[in-house]
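The values are calculated or read from the model by the stated rules, or taken from the named source; none is laboratory data. Everything quoted here is computed from the prediction, not taken from an experiment. Cβ: placed from backbone, ideal geometry, glycine included. Neighbour counts: every protein chain shown. These area figures cover heavy atoms from the full protein model, side chains too; ligands, DNA and RNA do not enter into them. Shrake-Rupley method; radii C 1.70, N 1.55, O 1.52, S 1.80 Å.
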Amino acid sequence: MRAIHRLARAKFGRFLQVAERGVPRAVKRAARLRSACQRWGRQRSCSPRMINPTPRLRFAPSPTGPLHLGGARTAMYNWAAARALGGTFLLRIEDTDRARSTDASLQIILTGLRWLGMDWDEGPEQGGAFGPYSQMQRLHLYRAAADELLQKGHAYLCYCTPEEIEAGRKVMEAAKAGFIGYNGRCRNLTAHERAAFEQRGLKPNLRFRMPAARVLKVHDLVRGEVEVNTKELDDFVMLRPDGVPLYNFACVVDDIGMKITHVVRGEEHFLNGIKQRLLFEALGSECPLYAHIPLILNKDGKKLSKRDADTNMLEYRDKGYLPDAVFNYIALLGWGFSGERDLFTRQEMVEVFKLEHIGKSGAKFDEEKLRWMCGEYLRRFSAADCLQNSKPWLTNAVPQAAFTTHPAWLANIIACYQERVAILSEFAPKIGWLFVDLPVLDEAAQQNLGKDQAAKQWLLRYADLLANSNLPPSFPADRTAADVAVSLPTKKAAAVASCAFATPQQIEQECRAFTEQLGVKFGDFVHPVRAALSGTDKGPGLFDIVFLLGKDACIKRLRAAAS
RNA sequence: GUCCCGGUCGUCCAGUCCGGUCUAGGACCCCAGAUUUUCAUUCUGGUAACACGGGUUCGAAUCCCGUCCGGGAUACCA
């Protein structure tokens with residue numbers, strides 16, 4: 001008692017000290033950061049021992065549709081955990097739903113995973129020591145396990161028809177039973193009864209014999225300790241009459257066969273995890289560590305479904321999102337690199353990733369933040385890389401030949417827009433004005449052109465000035481010397497490049513001198529000129545525009561706009 | 001219906017396990033300012049949250065209970 005008192009006083013005293021000092025905010029923040037760092041290496045709670053010395057994780061998609069956001073994230077967490085633990089990451093195709101599985105879906109899933117930058121050590125197509133990796137090629141394994149369970153009494157044959165099962169369920173519902181499931185009619189069939197069913201030509205399912213009212217205390221890497229009573233579970237079907245297994249059974253047989261140590265999957269599988277634990281036990285194997293991660297929600301807070309737009313990963317690719325950004329963004333849906341940082345590489349993620357740090361609550365997908373993130377990554381590209389990456393989206397805006405004849409010029413154009421777009425497909429509509437004969441003036445441009453009565457005169461005078469200047473030639477003439485010498489966009493502090501042609505800085509100097517001579521305010525002059533040259537009021541600095549457009553095009557546009 | 005899980009700015013992520021350094025932090029969005037020839041970038045600043053109610057405690061975002069709300073599961077889908 002006395003000790004408790006002393007402890008309380010000590011703690012209270014510490015509080016007073018702190019309060020008196022009036023700790024400044026910066027100090028508090030530093031302390032917070034420090035403690036966050038210290039906590040980093042620590043696990044949220046003790047995890048049970050691992051069952052296998054080599055971590056082996058799998059992503060097990062069913063090829064019944066495209067790779068969607070949730071699946072991609074599940075794959076990613078499995079991948080990251082495997083890499084973080086120095087283990088193996090493998091792919092297993094759960095294609096036992098023969099009505100819906102297609103090879104096309106499988107290809108889309110594999111393409112999506114590769115696009116996001118995930119690699120796997122074993123899987124379909126490339127094989128591995130634990131194959132085959134498609135469940136339909138493993139039927140003999142399920143058969144063998146089924147026989148074992150049947151023999152041990154953990155499973156039984158069920159001759160109920162779907163109609164009978166449905167009827168049984170209706171009865172339970174009517175009786176307002178708390179739990180609704182299979183009623184266990186075939187649980188204890190005699191050999192005689194079975195023979196009678198067989199004689200009627202009925203083909204049996206194999207069902208698991210669920211232990212009655214047993215309380216399981218399980219540990220989930222994400223959820224922690226959870227208790228589940230088996231009376232919430234029914235005798236689920238393991239094997240169809242034709243020998244094709246159902247999810248839970250196939251999953252367990254394969255997780256055993258493939259020596260899986262950690263299972264990361266959506267929380268819709270939590271109860272399946274319980275069934276699977278029982279199955280592991282019945283088969284005399286230890287079960288892997290489970291991590292059931294919360295779902296990704298749509299804007300309405302519901303489970304992301306196929307009906308929600310753009311759940312297909314490849315649509316993001318096709319829209320011009322960068323894989324690094326999508327990877328980075330998805331990782332953040334349920335997991336944080338740290339409280340202070342949003343941007344990280346795959347490698348950085350692997351260095352700190354822990355399954356125990358995955359959050360428990362569902363996350364809504366926010367396309368705006370993804371867009372922002374994509375812009376962050378896009379701005380980090382060199383102009384040449386950016387050009388290379390955006391090429392597929394440029395084909396309608398840029399003449400094909402230009403890619404080989406004017407790479408430096410195109411790179412300069414792209415560079416001018418790199419900080420003005422976020423996704424690759426956004427370049428094309430913005431750079432079109434450079435490739436037309438004369439630009440179409442939008443509303444803002446027309447306004448800027450008409451604002452001052454004298455503007456058209458300025459344009460003509462400026463055209464004359466440019467005619468006598470040393471501007472680079474206009475596309476399609478060769479202007480490599482200019483574009484190689486000058487890297488756009490022009491930054492204020494940048495040194496003036498040495499170039500055989502006028503650089504944007506020189507063009508600006510001449511222009512400022514010109515407006516002074518003209519007696520026009522620089523700002524007033526710039527807007528109509530920009531409108532005449534580019535057809536819009538937005539875009540790169542005016543002198544980058546003049547430089548990119550080149551001599552003839554500038555003159556032509558200025559005179560056209562003046563008439 | 002029954003079972004499980006969750007609830008911190010509009011959104012995502014920290015902080016919760018182990019109560020005081022939280023006057024609750026970072027990011028997106030939004031707003032304002034700075035820079036500037038426009039837009040954008042960049043920089044500075046701002047708005048904005050511990051679902052609610054009890055309890056425990058000197059002290060609760062943090063521990064306990066209840067309520068409400070949300071999500072998931074309850075297939076011869078995975």
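With a Förster radius of 60 Å applied to the beta-carbon distance between A:PHE403 and A:LEU271, the computed FRET efficiency rounds to 0.65. Percent of C-alpha pairs per 10 Å bin in the stretch A:469-539, short distances first: 17, 42, 37, 3. Sorting A:VAL226, A:VAL436, A:VAL398 by solvent-accessible area of protein heavy atoms yields A:VAL436, A:VAL226, A:VAL398, largest first, with a 1.4 Å probe. Using the Cβ-Cβ distance between A:ALA84 and A:GLU340 with R0 set to 22 Å, the FRET efficiency from 1/(1 + (r/R0)^6) comes to roughly 0.60.
Dipole magnitude for the stretch A:135-210: about 140 debye, using +1 per Lys or Arg Cβ and -1 per Asp or Glu Cβ, origin at the Cα centre.
Any chance you could run the full-extension gain for A:GLU148 through A:GLN107? It's 0.36 nm times the residue separation minus the Cα-Cα distance, nm to one decimal.
Computed gain between A:GLU148 and A:GLN107 is 11.3 nm.
Spin-label model, A:ALA384 to A:ALA212: label points 7 Å out along the Cα-to-beta-carbon direction sit 7.6 nm apart. Note on A:ARG194 and A:GLN347: their simple-model spin labels are 6.0 nm apart, each label 7 Å out from Cα toward Cβ.
With the alpha-carbon atoms of the stretch A:127-181 aligned to their principal axes, the span from lowest to highest coordinate is 51, 25, 21 Å, starting with the largest.
For the stretch A:139-293, the square roots a ≥ b ≥ c of the C-alpha gyration tensor eigenvalues yield an a/c of 1.5 or more together with a/b not exceeding b/c, which makes the shape oblate. Residues in the stretch A:139-293 average 47 Å² of solvent-accessible surface per residue, probe 1.4 Å, ligands and nucleic acids excluded.
Take the Cβ atoms of A:VAL484 and A:THR161, set R0 to 60 Å, and the FRET efficiency comes out at 0.20.
Note that the stretch A:453-542 presents 51 Å² accessible area per residue, ligands and nucleic acids not counted, probe 1.4 Å.
Placing +1 on the Cβ of every Lys and Arg and -1 on the Cβ of every Asp and Glu, with nothing else charged, gives the stretch A:139-293 a dipole about its Cα centre of roughly 320 debye. At q = 0.21, 0.28 Å⁻¹, what base-10 log of I(q)/I(0) does the Debye formula yield for the stretch A:390-449 when every alpha carbon is treated as an equal point scatterer in vacuo? These q points yield log10 I(q)/I(0) values of -0.88, -1.25. So for the stretch A:143-283, taking the charge dipole from beta-carbon charges (+1 Lys/Arg, -1 Asp/Glu), which of A:GLY257, A:ALA282, A:HIS192 sits furthest toward the positive end? Going by the Cα projections, it comes out as A:HIS192. Translational diffusion of the stretch A:383-563 was estimated from the Stokes-Einstein equation, with Rh taken as the Kirkwood radius over Cα pairs; at 4 °C and 1.567 mPa s the coefficient is 79 µm²/s. With a cut-off of 14 Å, note down the residues of the stretch A:455-476 whose backbone N falls inside the zone around a label point 7 Å from the Cα of A:LYS556 toward its beta carbon. Inside the label zone: A:473-476.
Rolling a 1.4 Å probe over the protein heavy atoms of chain A, with every protein chain left in place, gives an accessible area that is 53 percent carbon and sulfur. Between A:GLU232 and A:ASP524, the modelled label-to-label distance comes to 7.7 nm, taking each label 7 Å out from Cα in the direction of the beta carbon.
Restricted to Cα atoms, chain A shows a radius of gyration and a Dmax of 33.5, 111 angstrom.
In units of the compact-protein estimate 2.2 N^0.38 Å, the stretch A:105-151 shows a Cα radius of gyration of 1.54. Average accessible surface for the stretch A:344-391: 53 Å² per residue, computed with a 1.4 Å probe over protein heavy atoms with every protein chain in place. For the stretch A:230-293 and the stretch A:343-357, what is the separation of their C-alpha centers, rounded to whole Å? That distance is 28 Å.
Just from its helices, what would the mean residue ellipticity at 222 nm be for chain A, if runs of 4 or more DSSP H residues each count -39500 (n - 2.57) and the sum is divided by every residue, rounded to the nearest 500 deg cm²/dmol? Display every interim value, and only then the final one.
Numbers: 24 runs with 269 residues, N = 563.
Only helices count here, giving -14500 deg cm²/dmol.
Please give the charge dipole size of chain A, origin at the Cα centre, charges +1 on K and R Cβ atoms and -1 on D and E Cβ atoms. Round to the nearest 20 debye. Each step should come with its number before you reach the end.
Numbers: 78 positive and 62 negative charges, 525 e Å.
For chain A, the charge dipole is close to 2520 debye.
For A:GLN509 and A:ASN468, the difference between the fully extended length at 0.36 nm per residue and the C-alpha to C-alpha distance is 13.3 nm.
For the peptides A:171-179, A:147-155, A:479-487, the ranking by packing is A:479-487, A:147-155, A:171-179, with the highest mean count of neighbouring Cβ atoms within 10 Å listed first.
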